[in-house]
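The values are calculated or read from the model by the stated rules, or taken from the named source; none is laboratory data. Nothing here was measured: the structure is a model prediction, and the numbers come from that model. Heads up, the Cβs are rebuilt from the backbone with ideal geometry, glycines too, and the neighbour counts pull from every protein chain shown.
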Amino acid sequence: MRKQLIAAFAAGSALCTLAVTGAHAADWSMATPYGDTVFHTQNIRQFADDVKAATKGDLNINVYSGGSLIKHPSIKESVQDGVVQAGEVLMSLLENEDPIYGVDAVPFLATSYGDAAKLWKASRPVIEQKLAGDGLKLLFAVPWQPQGLYTKSPVTKAEDLAGKKFRTYNAASARLAQLLKAVPAQIETPDIPQAFATGLVDAMVTSPATGVSSQAWDFVKNYTDVQAWVPKNMVFVSQEAFDALSKDDQKAVLDAAAKAEERGWKTSEESKGTLTQQLADHGIAVAEPSDALKASLADIGKTMTGEWLAKAGDAGKQVIDAYSK
C-alpha cells in the first residue's frame, strides 16, 4: 500500500510538471538536510542553477533544504521510492545499511584534505556500485572540514569525557563515544542548540561549519581541533529519473556535478580557517589537542579501523589497499 501511494504521488507530480513546464521539460525535487547558510546547500543550489542554464531550462531542480521536505534519515529511501528524484545525505549516516558507507568516518584514517581526497578516489567505485544496486546514481560528494571537539569545559585527556552526554550522528561517532566512556545521544544538526540547552548533550565532535551554523558559542566554550576525520555529503539521483533525460541533458548534469564536487572541496578547505576564527571571535577557546589526548584518540582510531575492516569485509579491504598504495 505504501509503495502504491508513493507511485500515485510521483505520477501526480509528473503530470503537474508536464502541465506547467511543457512536454519536453523535467522538474526534479531534491531533498537536503542542511540549512541555506551551510556551504553544502549553497553549493547544491549553484549546481541546480548550472544545470538549468546548461539544459536551457529543460531540467529544473527544486532544492528543498534544511529537511523541510524530507528528514535526513529518510532521504535515501525517498529517492529510491520515487518520492523525490534527488537527495543529499551524510555518507556515513548509511553505515548501518552497509559498512562501506562509513569509510570516511573511521577516526584518524584520513584527517587531511589530501588524504581525504585519496580515500575518496579509492572508495568511490565501491560506493557507486552500492548505490547502483539500489537504483541510484552518484553525482558528487563534498567534504566537511575535519571534525573537532566541542565541550563546555577544557579537555586535556580522554578521561575528561567519561560520563559526558556525547552528541552522535552516525555509527562511528556513537562508537567513539562508547570508547571514550561517554554517553551517546543521536542528535540531528538542526536540533543541536536545543539538545545542549535542554541538557541532552554536553559535548560533540563536528565541523567548524556546523559549529558556526548552530552558533555553538551559545552553549559551549571550548573547541579542540582534533581533526578526527573528514566526512562527506554525497548527492545522488534516481537512475530512472536520470535515464529519462536526453543524452545532452545527462551530460549537462554530469558536467555540473563534476564542477560542484571540485568547487565544494575547494570551498571546504578554504573556509576551515575562517570558520574556526569565527568560533574564536565569538568567545570559544580554540586549542590544539594535548599529547595525552592525541595518544588516546590515536589508540581509539586503531581500534575502530580494525572494527570497521572486520565489518566491511572484502569491499573494505579493497578500499584500504587502494588507499594505502
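Name the residues in segment 135-170 that are charged (D, E, K, R) and closer than 18 Å to residue 231 by Cβ, would you? Within segment 135-170, just 167 meets the criteria. Of everything in segment 55-77 that is part of a helix (DSSP H, G or I) and in contact with a strand residue (DSSP E or B) (Cβ under 7 Å, 6 or more places away or on another chain), the residue that is farthest from residue 37 (Cα to Cα) is 76.
For segment 146-163, indicate whether the set of residues that are closer than 26 Å to residue 77 by Cβ, surrounded by fewer than 23 Cβ atoms within 10 Å (Cβ to Cβ) and not assigned by TED's automatic domain parsing to the domain that holds residue 44 is non-empty. There is no residue in segment 146-163 that is closer than 26 Å to residue 77 by Cβ, surrounded by fewer than 23 Cβ atoms within 10 Å (Cβ to Cβ) and not assigned by TED's automatic domain parsing to the domain that holds residue 44. Given the condition among the β-branched types (Val, Ile, Thr), over 30 Å from residue 84 (Cα atoms), in contact (Cβ under 8 Å) with a residue 40 or more places away in the chain and not in a helix (DSSP H, G or I), answer yes or no: does some residue in segment 291-310 qualify? No, because not a single residue in segment 291-310 is among the β-branched types (Val, Ile, Thr), over 30 Å from residue 84 (Cα atoms), in contact (Cβ under 8 Å) with a residue 40 or more places away in the chain and not in a helix (DSSP H, G or I). Among the residues making up segment 217-238, a single one is surrounded by 16 or more Cβ atoms within 10 Å (Cβ to Cβ) and part of a helix (DSSP H, G or I): 217. Restricting attention to segment 44-88, the residues that are out of contact with any His (no Cβ under 9 Å at 6 or more places or on another chain) and either closer than 21 Å to residue 170 by Cβ or not assigned by TED's automatic domain parsing to the domain that holds residue 241 (or both) total 16. Just one of the listed residues (177, 110, 116) is in a helix (DSSP H, G or I), touching an Asp or Glu at 6+ places or on another chain (Cβ under 8 Å) and crowded, with 19+ Cβ neighbours inside 10 Å, namely 116.
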